[in-house]
1. Between a residue in the stretch D:148-162 that is assigned to a loop (DSSP other than H, G, I, E, B) and any residue that is exposed (fewer than 10 other Cβ atoms within 10 Å of the Cβ) and not aromatic (Phe, Trp, Tyr), which pairs come within a Cβ distance under 9 Å, given they are 6 or more apart or on different chains?
2. Within the stretch C:92-122, track down each residue that is of a type in the set (Lys, Arg) and more than 7 Å from every other protein chain (Cβ to nearest Cβ).
3. Regarding the stretch D:93-103, can at least one residue be identified that is surrounded by 15 or more Cβ atoms within 10 Å (Cβ to Cβ), in a loop (DSSP other than H, G, I, E, B), of a type in the set (Asp, Glu) and within 15 Å of the chain's Cα centre (by Cα)?
4. Out of A:VAL98, A:VAL111, I need the residue that is within 28 Å of D:GLY26 (Cα to Cα) and surrounded by 21 or more Cβ atoms within 10 Å (Cβ to Cβ). Which one?
5. Give me the pairs, please: first residue somewhere in the stretch B:39-63 and in contact (Cβ under 8 Å) with a residue 12 or more places away in the chain, second residue anywhere and part of a loop (DSSP other than H, G, I, E, B) and among the small types (Gly, Ala, Ser), beta-carbon distance under 7 Å, and either six or more positions apart or on two chains.
6. Is at least one residue of the stretch D:4-17 at the interface with chain A (Cβ under 10 Å from one of its Cβ atoms) and either assigned to a strand (DSSP E or B) or in contact (Cβ under 8 Å) with a residue 60 or more places away in the chain (or both)?
7. Out of (1) of a type in the set (Gly, Ala, Ser); (2) buried (at least 24 other Cβ atoms within 10 Å of the Cβ); (3) more than 9 Å from chain D (Cβ to nearest Cβ); (4) in contact with a helix residue (DSSP H, G or I) (Cβ under 8 Å, 6 or more places away or on another chain), what's the single condition that is false for A:GLY416?
8. Any idea which of A:ARG222, A:ARG229, A:ARG261 is touching a Phe, Trp or Tyr at 6+ places or on another chain (Cβ under 6 Å) and of a type in the set (D, E, K, R)?
Amino acid sequence: MSAEAPLQLESRRRIVFGESDISDFDDEKDLPTEVMPLMMGPSHPAMHGTVRIALEVEGEKIKTADIQIGYLHRCFEKESEYATWTQIFPYTDRLNYVSPMLNNVGYAIAVEKLLDIDDKIPERAQYIRVIVGEISRITDHLTCLAAGAMELGAFTVFFYLIKAREWLWELLEEVSGARLTHSYVRIGGVVADLPAGWPAKLLEVLAKTRTALSDADKLLTRNKIFRDRMDGVGVIAKSDAAGWGLTGPVARSTGLDYDVRKDHPYLVYDRFDFEVPVGSTGDNFDRYACRMAEIFQSMRILEQALAKIPAGPFIVDDTRVALPTKRETYNTIEAMIAHFKLIMDGLHVPAGEIYSFTEGGNGELGFYIVSNGEGRPWKCRVRPPCFANLAILTKVLPGLFIADVVPTFGMINMIGGECDR
Amino acid sequence: MGSDYIAVTLVILVGVGVALQFLAFAKFLGESRPSAAKDITYESGSDPVGDPRARFPVRFYPLAILFVVFDIEAAFFYPWAVNFRELSCAGTFHAGVCSAGVSFVGIGAALAFMVVLLVALIYAWRKGVIGWG
Amino acid sequence: MRGAKASSVGASNMPLTFYSSKLADAVNWARKYSLFQYPFVTACCGMEFMALWAPKYDVARFGAEFPRFSPRQADLLIIVGTITERQAPILRRIYDQMCEPKWVIAFGVCASTGGFYQNYSVMPGADQVIPVDVYVPGCPPRPEQALDALILLQERIQRGEGHSQVVLKQEKGFDVPLAAIRATGKIGV
Amino acid sequence: MAKIVLDRLSERFTGGEILDTGSQHGNEWARVAPPAWRQVAEFLRDDPALQMNMFVDLTCVDRLPREPRFDVVLHLYSIDKKYRVRLLSGVPEAQAAIATLVPVWPGANWFEREAFDMYGVRFEGHPDLRRILMYPEFQGYPLRKDYPKEKRQPLLRRLPGSV
């Protein structure tokens with residue numbers, strides 16, 4: 001028995017007779033524990049099916065988290081290099097498939113700037129784009145909150161919010177023909193005007209959505225269990241927000257007041273007054289509260305837009321860009337030729353580069369498009385907001401419990417299509 | 001007295017019978033095709049990493065023991081609650097009527113039992129066993 | 001009643017075939033109305049899949065609304081969304097870990113053929129790695145299509161044409177493994 | 001959205017680091033020599049007049065016939081001053097490498113991993129440069145113009161008709 005053996009016994013005796021607090025147990029000297037690797041894999045109810053988090057866990061606490069994405073990489077860029085300018089719209093629907101209209105609008109604005117016709121877009125088309133865009137933003141936040149609440153066990157809230165989303169989808173289906181993959185926006189405007197009587201239906205649906213939201217709010221916002229899971233969990237500091245490139249509700253929840261609709265108004269957003277909800281602590285609850293408040297702000301925009309929408313054409317009548325109406329095509333030779341040329345040769349965008357950005361569901365949705373004058377883009381890059389928002393989880397997750405990964409990941413609102421493109 | 005035992009054995013037989021019936025259905029009517037790929041542990045679709053029998057923090061153990069203690073404590077309350085009125089009756093207790101006054105034994109027994117465990121709970125709480133620290 | 005489907009057991013012992021096909025129908029009936037689904041959700045079809053659970057297009061009316069997120073407790077694997085090459089081994093692993101009898105619905109064009117993503121990263125259809133019973137077209141399919149697919153699958157299960165059922169028939173010679181009857185050849189052991 | 005960014009850059013870097021500047025469709029851009037990439041980035045972030053503190057996007061453009069073949073493109077934004085700038089830097093295919101910007105903006109980590117994964121441009125000094133979108137067994141860089149669109153490298157296939 002070497003000299004220090006009794007010391008070993010000594011510390012053993014101290015533990016057994018309980019003079020020390022149990023927290024001393026945990027230090028490496030007395031009862032060392034091994035780190036257990038754990039795969040929170042792609043096929044997991046809380047991981048939206050497309051993210052694998054390789055956790056290293058010490059008991060309940062996470063030591064390191066390696067977030068592996070790419071399980072839904074569908075090569076948007078490669079497909080867009082082989083598709084004409086108009087054929088890219090269906091691919092943009094499937095980027096952030098929770099708010100497809102906002103992607104369509106973002107892509108259309110980028111190409112219109114390249115064509116230098118962004119000031120010739122008719123007023124009515126811009127209003128329609130704002131209206132369908134804000135409806136899509138509401139469905140985005142409804143889905144995020146519904147899925148986030150369901151993953152925490154609040155199944156009733158899931159039904160309330162998905163029921164509200166169903167009403168909104170029916171409206172978008174009336175406008176564009178599809179519930180989710182609308183492909184409704186075209187370069188130069190939108191593909192069809194709002195159906196008759198549609199605005200009245202929208203106002204009625206907004207009222208119903210408000211009741212559904214207040215029900216969900218009553219169930220969650222002052223619910224002790226929900227607040228314990230969300231308050232102070234997954235805190236992101238405001239100083240980190242800019243460096244990591246965070247935008248959207250995730251950045252605003254940390255206190256960073258940056259909303260593209262306010263800071264760089266596009267379309268007709270500068271004609272509506274609405275506030276941008278900004279959080280303070282940057283924890284999960286602030287992200288939840290920011291999204292909930294944003295839904296109400298979007299409703300305010302919708303009501304003002306419906307009041308102010310002017311009559312007029314819904315697409316620019318420049319035949320180099322937009323198809324002439326059916327009546328003209330059948331009756332006049334010029335429209336027939338224009339229609340034929342546009343269908344056969346497609347749209348020709350002058351050579352140039354542009355980075356245009358709009359406020360998507362998760363933040364600044366940027367389109368960096370390089371054109372060399374042909375019918376197909378040379379490069380059409382999407383700056384995905386949730387890609388940057390998710391990256392910061394590698395810094396936020398260590399130190400949390402395993403159970404905290406679910407609400408934190410849910411409130412980041414990572415959408416596979418947008419993050420992996 | 002005998003009929004009580006018949007009732008109890010019947011309940012036990014039916015219970016066990018239903019359980020065995022489900023097992024029989026599963027064994028005889030279900031397909032069973034064990035395969036190597038099926039025996040790999042399910043880790044959300046990924047290859048399982050690491051060994052689950054690693055040493056994990058000691059905190060789990062006292063917490064589990066505390067749960068067992070207080071769970072069984074709750075189980076002891078049922079017989080006490082059933083006989084509470086009889087215990088609180090100083091004299092004889094017959095058909096719902098107590099002959100003498102109220103005796104403290106009924107409530108006292110439970111209180112003593114709870115106080116002892118309450119002391120243990122407070123001691124454990126101050127030691128920081130509860131919660132993850 | 002549909003004519004008793006002559007199972008592959010010899011026609012000589014008539015009562016056996018009559019009995020075993022009646023029991024097979026009964027068992028398939030039970031299986032068809034208690035499908036536990038493993039929602040293998042990856043992409044945009046998942047949004048439509050949520051609508052399937054929601055009050056309007058409620059899938060609970062068909063007894064298949066209870067999602068089991070572990071393959072051990074599921075017998076219906078619904079592939080919802082695009083399967084990329086990176087996801088293929090994971091999909092195969094989940095399919096292998098499910099217990100028989102198991103069925104697969106490929107929900108949406110991407111799961112059926114890869115849809116309009118014909119490129120280096122998307123696998124052209126989930127049936128490249130696992131056998132699929134019912135394909136649902138649509139991008140995303142409407143919830144009514146999903147319910148229709150469920151009914152189609154239930155009919156296939158009733159007729160015993162599910163893929164794992166057919167494989168079992170080839171391997172073991174009859175539809176429902178009546179172990180008792182198989183072992184002794186007599187009824188009512 | 002402002003010329004001041006380009007003026008400050010050309011004032012500060014007179015030693016040939018800034019090869020070219022310009023403005024197109026309202027975006028100010030500057031072409032930077034690859035060796036000065038990190039230095040210009042740090043200046044843009046730390047200069048009190050610019051304070052480009054938000055890392056917006058980093059990607060790569062494959063301009064195949066033109067040499068140097070790859071353009072690493074960086075977009076920056078100043079939240080307080082509301083300036084935006086795009087930095088381009090030409091990198092030849094032979095030794096496609098450039099300095100990493102992770103120490104300057106932590107957000108660059110994933111974007112650089114994606115540029116490496118898709119184009120094969122190495123970022124010196126990157127803490128963890130590995131593929132982010134494609135699986136590790138994938139050979140080649142898919143978004144390059146010479147990589148065919150439908151050249152699949154499957155991890156798993158089953159024999160037709162087998163279980």
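1. D:GLN153/D:GLN139
2. Step one: list which residues in the stretch C:92-122 are of a type in the set (Lys, Arg), which gives C:92-93, C:102.
Of everything in the stretch C:92-122, just one residue is of a type in the set (Lys, Arg) and more than 7 Å from every other protein chain (Cβ to nearest Cβ), namely C:LYS102.
3. Yes, the conditions are met somewhere in the stretch D:93-103.
4. Matching residue, one of A:VAL98, A:VAL111: A:VAL111.
5. B:ARG59/A:GLY59
6. Step one: list which residues in the stretch D:4-17 are at the interface with chain A (Cβ under 10 Å from one of its Cβ atoms), which gives none.
Checked the stretch D:4-17: no residue is at the interface with chain A (Cβ under 10 Å from one of its Cβ atoms) and either assigned to a strand (DSSP E or B) or in contact (Cβ under 8 Å) with a residue 60 or more places away in the chain (or both).
7. (4)
8. Values: A:ARG222 fails: touching a Phe, Trp or Tyr at 6+ places or on another chain (Cβ under 6 Å); A:ARG229 fails: touching a Phe, Trp or Tyr at 6+ places or on another chain (Cβ under 6 Å).
Within the list A:ARG222, A:ARG229, A:ARG261, the selection yields A:ARG261.
The values are calculated or read from the model by the stated rules, or taken from the named source; none is laboratory data. Everything quoted here is computed from the prediction, not taken from an experiment. Cβ coordinates were reconstructed from backbone atoms using ideal geometry, including for glycine residues, and neighbour counts include every protein chain displayed.
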